[in-house]
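The values are calculated or read from the model by the stated rules, or taken from the named source; none is laboratory data. The shown structure was predicted, so the numbers you read here are calculated from the model rather than taken from an experiment. Please note: Cβ atoms are built from the backbone with ideal geometry, for glycine as well, and neighbour counts cover all protein chains shown.
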């Protein structure tokens, strides 16, 4: 099969995948598998490593310190410190960085709120009524049905968040984990001596 026939076949196969997000994951996986040690330059100057020479320790389809592609094409955030001020700020940063990383790693401009964003917020323990409201009211996060994407200004903000995350001199005051509600314990009066 020659090059042109291969491209036609790949195009037909990708068009047969009905979901845009799934199509982007498949294309990202194919690129990561077959680009070898080549690098794909992402739009903002970030380098997405498709694969690395053996022994370098870099993973296939990775934005070091931010995210990587799993073997099945899912985006896995590898951020340890979001440099957030509070839980709402952490939730906003997570959504921005997730959508930004999805675009860089798979070419997809949106992610599923239900299947991708909600589980991520739950994993970082910042999913509650307050964070849902904060995400829903963020003007840069565009909702189209279940899909969330970023407008132009929010993409710039996401890049700012990424730069802060990668900057060792920036410290966030939110340490994650969420606050657990304390249960009220029934207080028992100390035993009194019998009179």
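Filtering region 140-159 to residues that are in contact with a helix residue (DSSP H, G or I) (Cβ under 9 Å, 6 or more places away or on another chain) and closer than 21 Å to residue 83 by Cβ leaves 140, 141, 150, 154, 155, 157, 158, 159.
Being in a loop (DSSP other than H, G, I, E, B) and buried (at least 22 other Cβ atoms within 10 Å of the Cβ) is true of residue 82. Scoring residue 92 on the criteria (1) under 14 Å from residue 166 (Cα atoms); (2) at pLDDT 95 or above leaves a single failure, condition (1).
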